[in-house]
Structures are given as C-alpha cells and as structure tokens.
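So the structure is just underneath, and the comments pick up after that.
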C-alpha cells in the first residue's frame, strides 16, 4: 500500500510542475537611445538608430506617449505630431517646365507629421515638415513592450531642434572686365566678394544687389545692371514669375514650397548649355569710373525655400557713376 502511494506521488509531482506559469522573454530595465540628445535641423529629413534593447526579447514594440518642451514644461505634441503640407518632386523638372502649371505637375502635396517613432524598434523619424517645429530642446516619453510585458520610459530621449545650418551654398564666383558688352573680357584677380543673407520672415523671393567700392548701390531700373549677352540670369533658373527691377536691386519671386532652387540642373541659352544655377550679370561701362563693363558671375543653390535671400555683389574695383 505504501509503495502504491509513493507511485502516485511520483506521478503527481511532474503534473504540479507543469501547472506552474511559465515566464517567457525578457524586458530590460535599461533600454535606451544610443544618441541622446538627438539633434535635428529644421526642414531636414533624418532618422535615428533603433533603441538599444540591452538583451530584451525582440521584437520590441514602442509607442510615443508625449513630447514636452523642456524650457517650459508645456506639451509639444501638437507641434510635433500635427500633419503639415510639404511638396515633393514626383518627376524631374527641366527648363521646359517654365510655367507654374508645368512645375506643379511634377510636384505633389504630401501631408506628413514632423515627427514619429517607429512602432518596431523605436527609431526616431523626422520629416521635412519639421520646418514647422520651433527650435529648442524637447523631451519624450515612450512605452516599450514585448512578450514579457510593458513599461513606460520617461525622458527616453531629448530632441534638440536647431535652425537649418546650410540654407544655401555658393559654389562659384568670378568677375571680368571688358571694353564692350560682348568682350573681349579680362579676368579680375581673385573671386568677387559675394554674400548671401537669409531673411526668414521675408517674402518668398531672391534679391540681387550690386554695390561699388564705396558701398553705393547700382541702379538696375536705370540700366546700370543688365543681363550678359547669351548667358543665363536667375530668371532662366526661375522663369515662373516676372523679373522685377528697382533702383537698388533685381528681384525674383519663387514658387511657394518648392523643395529647392533651382528646381532643374541645366539651362540652355544662346546656343550653349549651363549648369549649377550659374548667373551672369553685367554693369554698364557708362556707370563705372573705369569706363569698362564689369561682369559678375555666381552659382548658388538654395535649400530652404521659404523667406527672402539677398545676394550682394561687392564690386570693389569700381566706383558707381550715376
């Protein structure tokens, strides 16, 4: 009888073990972002690496809970998560797309939020709509989960939004002089001084200004600055609006929201092809104290197409003659 009881006891022990709850997986208490704080420039698309799971069972599910402005403690959810309208190219524009209708046919409106967190792995994802996020430092809370369970990670990563560092790139600048409007031309030693100033709150246009060695402005509306024969000006690269001449500048409105300018890579004029947004202008000889035509040349790419750019040529080898 005793052996009989022992027999059944031995049978029941494995059954008891089998009824115990089995714990699956592992969720680390030290899940983190390798790059923290994470920096992003306004208007720039960028992503981070996934969370460092520190041995946690994959997949690691991640949910964004909130974004907070560190300086004020106020919620920044609406600014980071509200969808915004941005434009993307769906085709390759060319010089032949010379009207707004033609250009818009190769643009597409895209409604995207500035920021999201990838639900698998937690990668931070910024789109071009982060142009609408104010600069500053922000903190985010997330929830992580896997087969083991879930937990909230407070201040999982600091997000530092900075102004765009490269709003434009000046890739070429030169100047020449000559006795007639068509040459022959002699190169001037060194590069012509050119400055590009960005005014974020201004109208969507690019303004070209020419100053003499005394800081006086040449007057394009009086014929003191003209297009060089058989060479492109910025109007060739931005043909969508009329060129405007004032007594201090030549101005070009540009299309709202276009991803970058120039929108195309080459133009043809005077039987020649030109690239890189190169622009040629000429100061009339009658308005320089050296009695020579002065040609100013530059290539500039514009990456932040919202606001005003002022391109200033300092023609410091001449004095203006009104």
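Exactly one residue among 176, 166, 186 is out of contact with any strand residue (DSSP E or B) (no Cβ under 7 Å at 6 or more places or on another chain) and under 24 Å from residue 274 (Cβ atoms), and that residue is 166. Any residue at all in region 277-291 that's crowded, with 22+ Cβ neighbours inside 10 Å, in a loop (DSSP other than H, G, I, E, B) and touching a strand residue (DSSP E or B) at 6+ places or on another chain (Cβ under 8 Å)? Yes, region 277-291 contains a residue that is crowded, with 22+ Cβ neighbours inside 10 Å, in a loop (DSSP other than H, G, I, E, B) and touching a strand residue (DSSP E or B) at 6+ places or on another chain (Cβ under 8 Å).
For region 255-267, what are the residues that are touching a helix residue (DSSP H, G or I) at 6+ places or on another chain (Cβ under 9 Å), touching a residue at least 60 places away in the same chain (Cβ under 8 Å) and not in a loop (DSSP other than H, G, I, E, B)?
Within region 255-267, the subset touching a helix residue (DSSP H, G or I) at 6+ places or on another chain (Cβ under 9 Å) is 255, 258-259, 261-264, 267.
Within this subset, residues satisfying the condition of being touching a residue at least 60 places away in the same chain (Cβ under 8 Å) are 255, 258-259, 263-264, 267.
The one that is touching a helix residue (DSSP H, G or I) at 6+ places or on another chain (Cβ under 9 Å), touching a residue at least 60 places away in the same chain (Cβ under 8 Å) and not in a loop (DSSP other than H, G, I, E, B): 267.
Could you please give the count of residues in region 98-148 that are touching a helix residue (DSSP H, G or I) at 6+ places or on another chain (Cβ under 6 Å), buried (at least 20 other Cβ atoms within 10 Å of the Cβ) and part of a loop (DSSP other than H, G, I, E, B)?
Narrowing region 98-148 to residues touching a helix residue (DSSP H, G or I) at 6+ places or on another chain (Cβ under 6 Å): 112-115, 133.
Checking the rest, the ones that are also buried (at least 20 other Cβ atoms within 10 Å of the Cβ) come to 114-115, 133.
Filter again for part of a loop (DSSP other than H, G, I, E, B), leaving 114, 133.
Residues that pass the stated criteria total 2.
Within region 217-249, being over 29 Å from the mean Cα position of the chain (by Cα), over 25 Å from residue 273 (Cα atoms) and either assigned by TED's automatic domain parsing to the domain that holds residue 96 or part of a loop (DSSP other than H, G, I, E, B) (or both) holds for 218, 219, 223, 224, 246, 247, 248.
Look at residue 192 and say whether it is modelled with pLDDT under 95 and either over 19 Å from residue 259 (Cα atoms) or in a loop (DSSP other than H, G, I, E, B) (or both). The answer is no for residue 192. Checked against (1) surrounded by 14 or more Cβ atoms within 10 Å (Cβ to Cβ); (2) in contact with a helix residue (DSSP H, G or I) (Cβ under 8 Å, 6 or more places away or on another chain); (3) part of a loop (DSSP other than H, G, I, E, B), residue 252 meets all criteria but (3). Would it be correct to say that residue 214 is over 30 Å from residue 86 (Cα atoms) and assigned to a strand (DSSP E or B)? No: the conditions fail for residue 214.
Does residue 173 qualify as being in contact (Cβ under 8 Å) with a residue 40 or more places away in the chain and surrounded by 13 or more Cβ atoms within 10 Å (Cβ to Cβ)? Here the answer is yes, as residue 173 does meet what is asked. Go through region 68-103 and give me each residue that's more than 30 Å from residue 157 (Cβ to Cβ) and either in contact with a strand residue (DSSP E or B) (Cβ under 9 Å, 6 or more places away or on another chain) or in the same structural domain as residue 303 (by TED's automatic domain parsing) (or both). Selection gives 89, 90, 91, 93, 94, 95. Evaluated against (1) in contact (Cβ under 8 Å) with a residue 60 or more places away in the chain; (2) farther than 21 Å from residue 178 by Cα, residue 221 falls short on exactly one condition, (1).
The values are calculated or read from the model by the stated rules, or taken from the named source; none is laboratory data. Keep in mind it's a predicted model, so treat the numbers as computed, not measured. Heads up, the Cβs are rebuilt from the backbone with ideal geometry, glycines too, and the neighbour counts pull from every protein chain shown.
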